């Protein structure tokens with residue numbers, strides 16, 4: 001009997017959690033119009049209702065998000081909490097949290113999504129989670145909003161929406177300050193909530209920092225005209241040494257946050273660069289291989305065929 005149960009568990013299909021690395025991918029994944037900015041987006045729920053997928057299976061994205069839900073049927077879930085029957089609420093999530101929803105086409109309110117790059121570039125000298133550690137909670141819960149507070153939150157969202165649409169001078173600076181106001185108001189609600197005492201954020205903060213550094217290193221290590229002798233940017237150990245971490249620890253942290261091993265993130269970046277070069281340049285496959293720090297062109301061709309399902313030449317022709 002035990003053997004049969006183990007066999008059933010082993011044979012059970014594994015549901016892969018979708019992962020959206022960019023706002024463009026996220027918008028395409030939920031079937032709404034593309035964002036106007038690569039690092040910041042604001043929408044009203046009403047404008048999304050015409051096309052958005054009413055049901056989304058579990059997925060992750062790489063952004064911070066804050067939403068004001070005024071009304072609407074169904075629910076959206078982050079961690080183990082959802083917005084069903086919560087009335088007027090503020091809810092939020094941070095990168096790599098698992099989200100899913102099943103909503104009715106009657107939602108009203110606003111939401112914003114933005115990257116760490118937006119927050120740092122717009123004027124902050126600190127990472128966003130240093131200033132707002134509540135964003136690191138693994139199981140974020142919806143925050144009830146009183147009618148007078150709802151009006152003030154709504155006005156802040158509406159002001160951000162106006163600025164984002166306007167393209168007026170100092171637009172990004174103004175949006176950044178409005179976002180800080182929104183974060184401060186949300187933090188005030190969060191820390192009044194009795195559940196806020198149950199969450200520790202230090203480990204998640206540390207993990208997110210490591211993953212962020214790792215992804216930045218992947219990107220910069222494939223910049224052109226660099227010289228590598230023994231270790232190359234294709235190897236997890238290369239990044240572990242630069243970050244003063246054991247490769248197993250780096251891999252464990254990356255997998256804990258992203259559900260993928262560290263090597264997978266490297267491969268995804270290399271494949272993305274390779275496709276871009278094949279599509280947008282006339283460089284030969286050999287030149288692209290050496291440009292991506294493969295020791296031999298046939299190693300690159302083998303890698304590309306394994307990842308993309310076809311040879312570099314076939315991909316370019318297609």
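A single entry from 250, 265, 278 fulfils the requirement of being within 17 Å of residue 310 (Cβ to Cβ), modelled with pLDDT under 95, assigned by TED's automatic domain parsing to the domain that holds residue 221 and surrounded by 15 or more Cβ atoms within 10 Å (Cβ to Cβ): 278.
Taken as a whole, the structure leaves residue 46 outside the set of residues that are within 22 Å of residue 159 (Cα to Cα), surrounded by fewer than 19 Cβ atoms within 10 Å (Cβ to Cβ) and without any contact (Cβ under 8 Å) to a residue 40 or more places away in the chain. Under the condition of being surrounded by fewer than 22 Cβ atoms within 10 Å (Cβ to Cβ) and out of contact with any strand residue (DSSP E or B) (no Cβ under 7 Å at 6 or more places or on another chain), which residue from segment 135-149 is modelled with the lowest pLDDT? Ranking the qualifying residues of segment 135-149, first place goes to 138.
Of the residues making up segment 164-175, those that are surrounded by fewer than 18 Cβ atoms within 10 Å (Cβ to Cβ) and assigned to a helix (DSSP H, G or I) number 5. Scanning segment 176-191 for residues that are buried (at least 18 other Cβ atoms within 10 Å of the Cβ) and touching a helix residue (DSSP H, G or I) at 6+ places or on another chain (Cβ under 6 Å) gives 178, 182, 190. Only one entry of 122, 38, 67 meets the criterion of being under 22 Å from residue 175 (Cα atoms) and modelled with pLDDT under 90, and that entry is 122.
Residues that are touching a strand residue (DSSP E or B) at 6+ places or on another chain (Cβ under 7 Å), in contact (Cβ under 8 Å) with a residue 60 or more places away in the chain, under 28 Å from residue 151 (Cβ atoms) and surrounded by fewer than 19 Cβ atoms within 10 Å (Cβ to Cβ) are absent from segment 90-101. Residue 148 fulfils the conditions (1) farther than 26 Å from residue 60 by Cα; (2) touching a helix residue (DSSP H, G or I) at 6+ places or on another chain (Cβ under 8 Å) except for a single criterion, (2).
Could you say whether any residue in segment 110-118 is within 27 Å of residue 152 (Cα to Cα) and free of Cβ contacts under 8 Å to residues at least 24 places away in the same chain? Checked against the condition, which is being within 27 Å of residue 152 (Cα to Cα) and free of Cβ contacts under 8 Å to residues at least 24 places away in the same chain, segment 110-118 yields no hits at all.
Among helices (runs of 4 or more DSSP H) entirely within segment 261-318, having at least 2 residues that are under 26 Å from residue 214 (Cβ atoms) and without any contact (Cβ under 8 Å) to a residue 40 or more places away in the chain singles out 262-280, 285-291, 297-308.
The values are calculated or read from the model by the stated rules, or taken from the named source; none is laboratory data. Owing to the predicted nature of the structure, the values given are computational and were not obtained by experimental measurement. No Cβ is skipped: glycine too gets one built from the backbone with ideal geometry, and neighbour counts run over all protein chains shown.
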